[in-house]
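Reading through the structure tokens given below for one structure.
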Amino acid sequence: SQKIEQNSEALNIQEGKTATLTCNYTNYSPAYLQWYRQDPGRGPVFLLLIRENEKEKRKERLKVTFDTTLKQSLFHITASQPADSATYLCALGGGGFKTIFGAGTRLFVKA
Amino acid sequence: GAVVSQHPSRVICKSGTSVKIECRSLDFQATTMFWYRQFPKQSLMLMATSNEGSKATYEQGVEKDKFLINHASLTLSTLTVASAHPEDSSFYICSARDMAGGYSPLHFGNGTRLTVT
């Protein structure tokens, strides 16, 4: 069955450093991959989408890479700030409507 | 930007009662909405796809008689948890796309925390 793995352990980093989160998947060939941010008790908020034929996508301090050979995506936040502290979800989708989510990685940025 | 509004944000009810959760797209029309369930520290699990004007499509293992979905208009979908029991306690979240096609991102409501005592 399709499986998405994100590091279940929380990531703790110092303010100003780059946070790197990993998303691995198996038994799936997604047409695209998305990253969402979720704060406690709230719904996820869309951040970035990258398609299978794209290697890298950037948006302000965010960067996403997508390696379909390794079946892996890396999500980077540069110059991290305490306000970046949240859970980050990786999501995969095909050409249809369904999107499946990983369990997320909790990020803590210390001032 | 596209906004999805979900109400109520929190519900506490007694076992055996039914609970209705509303999901509205405020500034766009959504022919399809999605209902997810999330347990603590776990991923969003898709429960069903709500289709305007037709029957919802349920994921494997989701009881359609327990989780009743109605999508009567292009801006409103409702999820009713029928005869709720403590094991139904969870965080329920709806979402929709503001553009057709699977590549467009999902816009989520802020979820409903259901506690069944």
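The values are calculated or read from the model by the stated rules, or taken from the named source; none is laboratory data. On a predicted model such as this, the values are computed, not experimentally measured, just so you know. Because the Cβ atoms are built from the backbone with ideal geometry, glycine has one as well, and the counts that use them run over all protein chains shown. Accessible surface areas use protein heavy atoms only, side chains included; no ligands, DNA or RNA. Shrake-Rupley method; radii C 1.70, N 1.55, O 1.52, S 1.80 Å.
Some notes on this structure:
- Choice from A:Gly94, A:Gly41, A:Gly16 with maximal GNM fluctuation in chain A (Cα, 10 Å cutoff): A:Gly41
- A loss of 40 Å² or more of accessible area (1.4 Å probe, protein heavy atoms, ligands and nucleic acids excluded) relative to the isolated chain is seen in these residues of segment B:1-50: B:Ser43, B:Leu44.
- Buried between A and B is an accessible area of approximately 1800 Å², summed over both sides with a 1.4 Å probe.
- Selected from B:Pro105, B:Pro40, B:Pro86 as most flexible by GNM, with chain B as the system and alpha-carbon contacts under 10 Å: B:Pro40
- Probing with 1.4 Å while keeping every protein chain in the model, the per residue accessible area of segment B:38-82 equals 56 Å².
- Along its first, second and third principal axes, ordered by size, segment B:1-80 spans 34, 26, 25 Å in Cα coordinates.
- Other residues with beta-carbon under 14 Å from the beta-carbon of B:Asn70 carry, at +1 per Lys or Arg and -1 per Asp or Glu, a net charge of +1.
- Approximate spin-label separation B:Asp27-A:Asn7, in nm, with each point projected 7 Å along Cα-to-Cβ: 3.6 nm
- Where chain A is the region considered: accessible area per residue in Å², 1.4 Å probe: 51 Å²
- 1.4 Å probe, heavy atoms, protein only - residues of segment B:84-98 losing at least 10 Å² accessible area vs chain alone: B:Phe91, B:Ile93, B:Arg97
- For chain A, with all protein chains in place and a probe radius of 1.4 Å, 47% of the accessible heavy-atom surface sits on carbon or sulfur.
- Over the protein assembly as shown, the pair-distance histogram of Cα-Cα distances with 5 Å bins from zero comes to 1, 7, 14, 18, 19, 16, 12, 8, 4, 1, 0 percent, rounded to whole numbers.
- For chain B, taking a cut-off of 4.7 Å between Cβ atoms, the unpaired cysteines are B:Cys13.
- Evaluating kT/(6 pi eta Rh) at 20 °C and 1.002 mPa s, with the Kirkwood radius of segment A:15-75 over Cα pairs in the Stokes-Einstein relation, gives 171 µm² s⁻¹.
- Of the solvent-accessible surface of chain B, computed with a 1.4 Å probe over protein heavy atoms with every protein chain present, carbon and sulfur atoms account for 52 percent.
- Overall dimensions of chain A as given by Cα atoms, namely Rg and Dmax in Å: 13.4, 42
- Gain on full extension, evaluated as 0.36 nm per residue between A:Ala79 and A:Ala111 minus their Cα-Cα distance, stands at 10.3 nm.
- Alpha-carbon centroid distance for the pair segment B:73-117 / segment A:58-77, whole angstrom: 28 Å
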